[in-house]
Every structure is written in structure tokens, then in C-alpha cells.
Amino acid sequence: MTGTERVRAYYESLNTGDAEAVSAHFTADAAHYYTRLGPHEGAQTIGEYAALGVSAIDAQWYIENLIEQGDQVAIEWTMTWRDPKSGAKRLDRGTEWFLIRDGRIAEVRAYHHGGK
């Protein structure tokens, strides 16, 4: 599976809310870094947090643009979600940079704007 194929498959799994399906896209020692909170470390932890996003705030992610070069993939994404306090629909946009190792995601560096 190419890096592009892996990232697209990962995003399809994200939207299901299935932690195990999300985890399968990552190396066991993967790290997911964020701009506003500490990293999630390990495939299982990454999968669990992704599932929580779907179940708690109805999060859904969409790839807008994707570029692959060597063992790296960069994407621009849109995320829709529901504010848990007000119930209002929200939209965030951001970018993620992926490091692919042995056909799996080894690292994600996420940068995004949190909408209000």
C-alpha cells in the first residue's frame, strides 16, 4: 500500500469510529502530535481517541488535498463536529504531515484551526 493509499484508508476508518480499524493503520510505536494537547502514543491509543471523537462529538473528517513524496504524505483536511455543550455544528480545517514506515503510519504531526 502506498502512503497515499494508507492515509486515504486511515481517513475512511476514522469516520467509522472503530478504534481497532483506526489502530490497524499505525505502527505499534506510532505517535500523533497536536498543536493544543500532548501527543497520543501507540496505535491503540490513537485508535481509541479517534473513536472517542466520533462517539462524543460526531466528528467526521474529509481530505481536501494530498501530496506524497518519498515516505511522507501531507494533507489538508476539513472536520465537521458537534459542540457537546450547545449542540451547534462546527467546522475545523487543518493539515497533517505523515511519516510512513513499512507501509504503516509511524508519525502524524497535526496543525489546525479550531473553529468557534
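The values are calculated or read from the model by the stated rules, or taken from the named source; none is laboratory data. As the structure is a computational prediction, the values presented were derived from the model and not from experiment. Every residue, glycine among them, receives a Cβ derived from its backbone with ideal geometry; neighbour counts consider all protein chains shown. Each accessible area value is taken on the protein alone, full model and side chains, heavy atoms only, with ligands, DNA and RNA left out. Shrake-Rupley method; radii C 1.70, N 1.55, O 1.52, S 1.80 Å.
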A careful count of residues in the stretch 22-46 that are under 18 Å from Trp77 (Cβ atoms), part of a helix (DSSP H, G or I) and of a type outside the set (Val, Ile, Thr) gives 0
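Could you pull out the residue among Arg93, Arg82 that is within 27 Å of Thr2 (Cβ to Cβ) and free of Cβ contacts under 8 Å to residues at least 40 places away in the same chain?
Arg93
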By residue number, the members of the stretch 22-57 that are of a type outside the set (Ser, Thr, Tyr), farther than 20 Å from Gly3 by Cβ and open to solvent by 80 Å² or more (accessible area, probe 1.4 Å) are Arg36, Leu37, Glu41, Gln44, Glu48, Leu52
Return the total of residues in the stretch 61-90 being within 18 Å of Ile105 (Cα to Cα) and of a type in the set (Asp, Glu).
3
Scan the stretch 66-116 residue by residue and report those that are in a loop (DSSP other than H, G, I, E, B) and among the acidic types (Asp, Glu).
Asp71, Asp83, Asp102
Note: among Tyr11, Tyr62, just one is hydroxyl-bearing (Ser, Thr, Tyr), touching a Phe, Trp or Tyr at 6+ places or on another chain (Cβ under 9 Å), modelled with pLDDT of 95 or more and outside any strand (DSSP E or B), namely Tyr11
Under 8 Å between Cβ atoms, which residue pairs at least 6 apart in sequence (or on different chains) link something in the stretch 102-113 that is over 13 Å from Tyr10 (Cβ atoms) and open to solvent by 20 Å² or more (accessible area, probe 1.4 Å) with a partner that is of a type in the set (Asp, Glu) and in a strand (DSSP E or B)?
Arg109/Glu96; Tyr111/Glu96; His112/Asp92; His113/Asp92
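How many of the residues in the stretch 15-42 are of a type outside the set (Val, Ile, Thr) and either in contact (Cβ under 8 Å) with a residue 40 or more places away in the chain or in contact with a Pro (Cβ under 7 Å, 6 or more places away or on another chain) (or both)?
Selection size over the stretch 15-42: 10.
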